[in-house]
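J.: Could you have a look at this structure, given as structure tokens, before my questions?
Laboratory data are not the source of any read-out in this text; all were calculated from the coordinates shown. Only a predicted model underlies this, so the values are computations on that prediction, with no experimental measurement involved. Backbone-built Cβ (ideal geometry, glycine too); neighbour counts: all protein chains shown.
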Amino acid sequence: MSLQKKKQWIYIINAILIVLVLIWALPIIGLFVSSLRPRTEVLNTGWWTVFSNRTGLSFSNYKQVLGGSRYTFVDAAGKTVRASGDNLSRAFINSLTVTIPSVIIPLLIASAAAFGFAWLVFPGRKFFFTTVVAMLVVPLQIALIPILRDYQKIGLTGSYLGIWLAHTGFGLPLGIYLLYNYISTIPRDIFESAFLDGAKPMVVFARLVLPLSVPAIASLAIFQFLWVWNDLLVALVFLGGTSDVAVLTQRLATMVGSRGQDWHLLTAGAFVVMVVPLAVFFGLQRYFVQGLMAGSVKG
Amino acid sequence: MADSKKLREGSFAGNTLVAVGRIGISIFVPLVAFVILWAGFIFLKESKAPPALIAIVAIIWGVGGVALLFGVADWFVNRLPLHVTKKLQPFVFVGPALAILAWYLFFPTLRSLYLSFFDAQSKNFVGLANYIYAFTDPKMLESFVNNLLWIILGTGGSVGMGLIIALLADRSRYEKVYKSIVFTPMAISFVGAGVIWRFIYAYKPAGESQIGLLNAIVTFFGVEPQAWITLRPWNNVFLIAILIWLQTGYAMVIISAALKGVPSQIIEAGRIDGATELRVIRSIIIPYIFTTLVTVSTTIIIISLKIFDIVYTMTGGQYGTEVIASMQYKQMFNFYDFGKGSAIAIVLVLAVTPVMWYNLRQFNKQEGF
């Protein structure tokens, strides 16, 4: 291929790529632009007209979805009730409250279990480990009814503890499996010298295994974080519909139902839901990619 | 003589005291831990404190609680006689995971299987009636067909686009920029993506100015605007487009990593032999990365099989867009038919199992991390 022809090809390739990338970027750009426009404009003209007529862009839609109409009133039974409009800021806090432990707890339990399976000797080790791996197959839908019944019996429905444990349960098979793969490759001598020095397993785990497994734990953490933050189904089932505990995805899904045509609010709301994962994405892209590669078998 | 006897008695009493003390502490410490956790739980349940404070307390309580339980369990096991400690110690590590897995996945599978043979209230045995429903009901059949469409178009689209973009970007200087834009939707939830795409598909009657991107493009070319989301049977394709938009980035990143692993000597050799670029891709590169393509495909097949959120937010399963997972959700939480809901869940497990099994085998071969 001549040099000139090669150059031509590179132009063509870049042109095709730019078109493709635009297809991927336009939906997000459109969403963001619309979230800044006033209601009447969003409803009457396409967001792309902004580029020829840039007036009235503001963050007031965000103010409305984040603050919502938060007010208190006394209901028929004489109880003071706090009603909220969109109030996504509350849902934002709820999302954080659900997500942070739902990432840390399964990672703690999974890394302990992975260490146990990889380096401790006990009867039934193979059998239990195979069972754990087999659980990767089970879609979480199957657990919804039985677990919901248990929760109703012991009063865990709508509680944070309930949803943390649920996310822990559903995240464990993958977590144990991947961390086992990683922890079992730590050189044997490191453990032997530690055990010879009389170190207790818990000390070895906390001082040696956890620090050594940081790369694997980090990418798993990001993966689990995205999974929990973006989850709708588990939240719908175990948190229920009350806006006191509802997370962002739930509130957004409700908004889609109740405000189907208020595009100026829906777009702002959607952006609020996206902002944390996008920040994580841009901040930790390297780990993020590793996590995705490792997490390609999430059940 | 008497002295030494006294001494021995004294030491015996002392030993007993120490033993009693030890047992006492062994019970006392876990008890204190339990009380602390319980108090935290009650506080979180009853408290009317501001949400941000509750959030912080909840996070500390939850994460600290798990660490505390591990610590106390280990402390307790170490207090036991040595041979018992040795036997129990591993279970301090794997026990919590096994208990939670048993509760959340293992037994639920068996319980769902059991419930699937009973009626809506789980009172009367109905045999295979729920499964007969699952495989004959018109709505269920619709969901099977739709899921098949999701698998074929969703997986084909994501992997195909991912492959094309990875191949093209590999030949461009701005590879990183292109790849990270296409990858961005991976961070977006299905619900968020639902809002984005509802807006793109937004419909206004002909003559009015369109606010949805797709209708604006269509009317620009002089075609009547359409209500895409209710347009049977094509609306399924428009929903699947969302999955492709979300998952192409994933396919692209993995395929791109595999492309970097193709030895450049082989490619160069092909080129020197006069093969066209397309021929090089088809006969050298594709066979070389074939296992990666299969792994990516199986992963997206599983996602397509279990697809729920997109359908739930876009159409709620109306207008002929029902899928298996949305049918199951409806049976459980709209109709409270636990028998049918469980049967559909079991059908879903049966559908996922072979794909997952295959996926794991591939994964084992390539060694994950």
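J.: Which is the longest part of chain B that has none of the GluC sites (Glu not before Pro) sitting in a DSSP loop with at most 14 other Cβ atoms within 10 Å? Present the calculation step by step, with values, prior to reporting the outcome.
T.: Numbers: sites that count: B:208, B:367.
Result, exposed sites excluded: B:1-207.
J.: Residue by residue through the range B:328-341, what is 3J(HN,Hα) from phi via Karplus (6.51 cos²θ - 1.76 cosθ + 1.60, θ = phi - 60°)? Round to whole Hz and write x for glycine and proline.
T.: Computed from phi, the couplings for the range B:328-341 are 5, 4, 5, 4, 6, 9, 9, 9, 6, 9, 5, x, 5, x Hz.
J.: Let me ask something additional. Can you compute the charge dipole magnitude of the range A:157-257 about its Cα centre, using +1 on each Lys and Arg Cβ and -1 on each Asp and Glu Cβ, nothing else charged? Give it in debye, rounded to the nearest 20. The partial results should precede the final answer.
T.: Numbers: 4 positive and 5 negative charges, 11 e Å.
Dipole size: approximately 60 debye.
J.: Quick one: compute the contact order of the range B:137-252, relative version, from alpha carbon pairs under 8 angstrom and 6+ residues apart, as a percent.
T.: Relative contact order comes out at 38 percent.
J.: Which value, in nm² and rounded to one decimal, describes the direction-averaged projected area of the C-alpha convex hull of the range A:142-236?
T.: Values: hull surface 31.3 nm².
The Cα convex hull of the range A:142-236, projected and averaged over all directions, gives 7.8 nm².
J.: In this model, which of A:126/B:260; B:176/B:204; A:6/B:176 are farther than 27 Å apart at the alpha-carbon?
T.: Among A:126/B:260; B:176/B:204; A:6/B:176, the Cα-Cα distance tops 27 Å for A:126/B:260; B:176/B:204.
J.: Oh, and also: Restricting things to alpha carbons, tell me how big the protein assembly as shown is in terms of Rg and Dmax, in Å.
T.: In order Rg, Dmax, the Cα atoms of the protein assembly as shown give 28.3, 117 Å.
J.: From the C-alpha gyration tensor of chain A, pull out the three semi-axes of the equivalent ellipsoid (sqrt of 5λ each), sorted largest to smallest, in whole Å.
T.: Computed over chain A, the values are 42, 32, 16 Å.
J.: Would you list B:248, A:99, A:254 from fewest to most Cβ contacts within 10 Å?
T.: By the 10 Å Cβ count, ascending: A:254, A:99, B:248.
J.: In percent, how large is the relative contact order of chain B, given Cα pairs closer than 8 Å and 6 or more residues apart?
T.: 21
J.: Going by a ≥ b ≥ c, the root eigenvalues of the Cα gyration tensor, does the range B:194-344 fall in the rounded group (a/c under 1.5), the prolate group (a/b larger than b/c) or the oblate group?
T.: oblate
J.: Angle check, please: helix A:263-283 long axis (alpha carbons) against the longest principal axis of chain A (alpha carbons), in degrees 0 to 90, nearest 10.
T.: For A:263-283 against chain A, the angle is about 40 degrees.
J.: Taking only the alpha-carbon positions of chain B and ignoring solvent, what does the Debye formula give for the base-10 log of I(q)/I(0) at q = 0.07, 0.13 Å⁻¹?
T.: -0.55, -1.23
J.: Which distance in nm do the two modelled labels at residue B:209 and residue B:268 give, with both placed 7 Å along the Cα-to-Cβ direction?
T.: Label at residue B:209, label at residue B:268, 5.8 nm between them.
J.: Angle between the Cα long axis of helix B:156-170 and the longest principal axis of chain B, 0 to 90 degrees, nearest 10?
T.: 80
J.: Work from the charge dipole of chain A (Cβ charges, +1 for Lys and Arg, -1 for Asp and Glu, about the Cα centre) and give the residue of A:271, A:163, A:46 farthest towards its positive end.
T.: A:46
J.: Compute the long axis of helix B:235-260 from its Cα atoms, compare it with the longest principal axis of the Cα atoms of chain B, and write down the angle in degrees, 0 to 90, nearest 10.
T.: 70
J.: Let me know the volume per residue of the alpha-carbon convex hull for the range B:62-136, in Å³.
T.: 153
J.: With +1 on the Cβ of every Lys and Arg and -1 on the Cβ of every Asp and Glu, and nothing else charged, how large is the dipole of the range B:130-253 about its Cα centre, in debye rounded to the nearest 20?
T.: The calculation lands at about 300 debye.
J.: How compact is the range B:245-321 by the rule of thumb for globular proteins, expressed as Cα Rg over 2.2 N^0.38 Å? Don't jump to the answer; show the numbers that get you there.
T.: Working: Rg = 18.0 Å, N = 77, 2.2 N^0.38 = 11.5 Å.
For the range B:245-321, the normalised Cα radius of gyration is 1.57.
J.: Here is a further query. What percent does the relative contact order of chain A come to when contacts are Cα pairs within less than 8 Å and at least six residues apart?
T.: 28
J.: Could the peptides B:183-189, B:222-228 be put in order, highest first, of the mean number of other beta-carbon atoms found within 10 Å of their residues?
T.: My ranking of the peptides, most packed first, is B:183-189, B:222-228.
J.: With each run of n ≥ 4 DSSP H residues scored as -39500 (n - 2.57), what mean residue ellipticity at 222 nm is computed for chain A after dividing by its residue count and rounding to the nearest 500 deg cm²/dmol?
T.: -22500 deg cm²/dmol
J.: Report D for the range B:316-358 in µm² per second (integer): Stokes-Einstein, Kirkwood Rh on Cα pairs, 25 °C, 0.890 mPa s.
T.: Value of D from the Cα-based Kirkwood radius: 223 µm²/s.
J.: Can you pick out the pairs among A:153/B:87; A:153/B:139; A:153/B:340; A:7/B:179 whose Cα atoms lie more than 28 Å from each other?
T.: A:153/B:87; A:153/B:139
J.: Would you mind ranking B:60, B:200, B:344 so that the residue whose beta carbon has the fewest other beta carbons within 10 Å leads the list?
T.: By the 10 Å Cβ count, ascending: B:60, B:200, B:344.
J.: While we're looking at this one, here's another question. Just name one of A:124, A:25, A:10: the one whose Cα is farthest towards the positive end of the charge dipole of chain A (beta-carbon charges, Lys/Arg +1, Asp/Glu -1).
T.: The residue sitting farthest along the positive end of the dipole is A:10.
J.: Let me ask another. Return the FRET efficiency for the residue pair residue B:319, residue A:199: r is the Cβ-Cβ distance, R0 is 45 Å, and the value is rounded to the nearest 0.05.
T.: Approximately 0.10, to the nearest 0.05.
J.: Can you give the calculated 222 nm mean residue ellipticity of chain B, where each DSSP H run of n ≥ 4 adds -39,500 (n - 2.57) and the sum is split over every residue, rounded to the nearest 500 deg cm²/dmol?
T.: Calculated mean residue ellipticity at 222 nm is -24000 deg cm²/dmol.
J.: So how do B:321, A:168 line up by other beta-carbon neighbours within 10 Å, fewest first?
T.: Fewest-to-most Cβ neighbours within 10 Å comes out as B:321, A:168.
J.: Please list, in chain and number order, the residues 5+ apart from residue B:118 or on another chain whose amide H is under 5 Å from its amide H, with Hs placed from the backbone.
T.: Close amide H contacts, sequence-distant or interchain: B:126.
J.: Relative to the Cα centre, what is the charge dipole magnitude of the protein assembly as shown, using +1 at the beta carbon of each Lys and Arg, -1 at the beta carbon of each Asp and Glu, and rounding to the nearest 20 debye?
T.: Taking the Cα centre of the protein assembly as shown as origin, the dipole is about 720 debye.
J.: Can you compute 3J(HN,Hα) from phi for each residue in the range A:171-183, using the Karplus curve 6.51 cos²θ - 1.76 cosθ + 1.60 with θ = phi - 60°, rounded to whole Hz and x for Gly and Pro?
T.: Using θ = phi - 60°, the values come out as x, 4, x, 5, x, 4, 4, 5, 5, 4, 4, 7, 5 Hz.
J.: If you project the alpha carbons of the range B:87-211 onto the principal axes, what extent comes out on each, in Å, largest first?
T.: Cα extents, longest axis first: 58, 54, 26 Å.
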